[in-house]
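Student: Input: one structure, supplied below.
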Amino acid sequence: MTRRFFYSTALLAALVIPASAISLPRKANVYGNATDGKCTIEVDVDGAAEVEIRGDQAQLRTLSGQTAIWRRFDCNGTPPSMPGDFRFSGVDGRGSQTLVSDPRQNGGRAVVRIEDRQGGREGYTFDIEWRQARGGAGWGPGGPGGPGGPGADRGPGIGHERFGDRGGPGGPRRAIRACQNSVIDKLKTDGFSYVTFLSTDPDNNPGRNDWLSGTAEAKRGMRTTRFTFSCSVDFGSGNVRSVDVRRGGR
């Protein structure tokens, strides 16, 4: 009788586990051996979820709403445990996709958070790209090729040589992320989502050594709008003093 009660209680507990406790593992489908490569990840989300990636293994965690499910995890090479350079790019989805953990700063663990605030499921696709650790400059703001290259949704690689010694080690990266996060927050208040940064550059004009400026695109409904922005940032602390976002830009 006691054993039957125990099993019944365990079964009932399993049935009422909230969606936020569900974590679905996935191993990458690796179809090449590229050392500087890319993975494309696609998931279905209704609410909020996080994708945690470490090498060729990933976990999809549901944070709220219906259980998030996998569609694909395809790579043209095995992601390294500690990449030399790393880039995240949101590709498709009506809500927001944000890189909240950079593998270069978190023991090789990349985490992407997806927020879908509209009703019903939505497919989300994003890419991660990497380069093996090596000497020389990394990707510039916006991805391979430096300023003006393909955009990345928060946290692209930073060519530090363009910023001099501002803020010490990690200062330029911290300042750019703080500026981009402020731009995203400002656009969200106006109903825009899926923000893609095309460039984020230092302002080297006299008296503006603590300023960053750039261009970004964001979606509202099915329409994409381009913006220019500028931020005054303390490169030492990463605190944003002011941010200005305006429609337009080349």
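The values are calculated or read from the model by the stated rules, or taken from the named source; none is laboratory data. Computed from a predicted model, the values in this text were never measured in an experiment. Don't worry about glycine lacking a Cβ; one is built from the backbone with ideal geometry, like all the others, and counts go over all protein chains shown.
Student: Scanning the range 209-250 for residues that are surrounded by 13 or more Cβ atoms within 10 Å (Cβ to Cβ) and among the basic types (Lys, Arg), which turns out farthest from Gly191 (Cα to Cα)?
Tutor: Arg226
Student: Evaluate the range 147-154: report whether one residue or more is crowded, with 22+ Cβ neighbours inside 10 Å and at pLDDT 85 or above.
Tutor: No; the residues of the range 147-154 include none that is crowded, with 22+ Cβ neighbours inside 10 Å and at pLDDT 85 or above.
Student: Moving to a separate point now. Which one of these does Leu63 not meet: (1) at pLDDT below 90; (2) within 18 Å of the chain's Cα centre (by Cα); (3) of a type in the set (A, V, I, L, M, F, W, C); (4) surrounded by fewer than 17 Cβ atoms within 10 Å (Cβ to Cβ)?
Tutor: (1) is the only condition that Leu63 fails.
Student: For the range 183-208, what are the residues that are under 18 Å from the mean Cα position of the chain (by Cα) and crowded, with 19+ Cβ neighbours inside 10 Å?
Tutor: Hits for the range 183-208 are Val183, Ile184, Leu187, Phe192, Ser193, Tyr194, Val195, Thr196, Phe197, Leu198, Ser199, Thr200.
Student: Sticking with this one: List pairs: first in the range 95-117 and surrounded by 23 or more Cβ atoms within 10 Å (Cβ to Cβ) and outside any strand (DSSP E or B), second modelled with pLDDT of 90 or more and among the β-branched types (Val, Ile, Thr), Cβ under 7 Å, 6+ apart or cross-chain?
Tutor: Partner pairs satisfying both residue conditions: Asp116/Val45.
Student: Working only within the range 183-215, note down all residues that are hydrophobic (A, V, I, L, M, F, W, C) and modelled with pLDDT under 85.
Tutor: Within the range 183-215, Val195, Phe197, Leu198 qualify.
Student: Answer yes or no: is there a residue in the range 43-52 that is under 22 Å from the mean Cα position of the chain (by Cα), acidic (Asp, Glu), in a loop (DSSP other than H, G, I, E, B) and modelled with pLDDT of 90 or more.
Tutor: No.
Student: Tell me the residue from Ile17, Ile69 that is part of a strand (DSSP E or B) and either modelled with pLDDT of 85 or more or loosely packed, with under 14 Cβ neighbours inside 10 Å (or both), please.
Tutor: So the residue among Ile17, Ile69 that is part of a strand (DSSP E or B) and either modelled with pLDDT of 85 or more or loosely packed, with under 14 Cβ neighbours inside 10 Å (or both) is Ile69.
Student: When the range 25-39 is examined, which residues are found to be part of a strand (DSSP E or B) and buried (at least 16 other Cβ atoms within 10 Å of the Cβ)?
Tutor: Once the filter is applied, which keeps residues that are part of a strand (DSSP E or B) and buried (at least 16 other Cβ atoms within 10 Å of the Cβ), the range 25-39 yields Arg26, Val30, Lys38, Cys39.
Student: Tell me, please, whether a residue that is under 18 Å from Ser89 (Cβ atoms), outside the structural domain of Thr78 (by TED's automatic domain parsing), modelled with pLDDT of 80 or more and surrounded by 16 or more Cβ atoms within 10 Å (Cβ to Cβ) can be found in the range 159-176.
Tutor: Yes.
Student: For the range 216-250, which residues satisfy the criterion of being assigned to a loop (DSSP other than H, G, I, E, B), over 21 Å from the mean Cα position of the chain (by Cα) and modelled with pLDDT of 85 or more?
Tutor: Asp234
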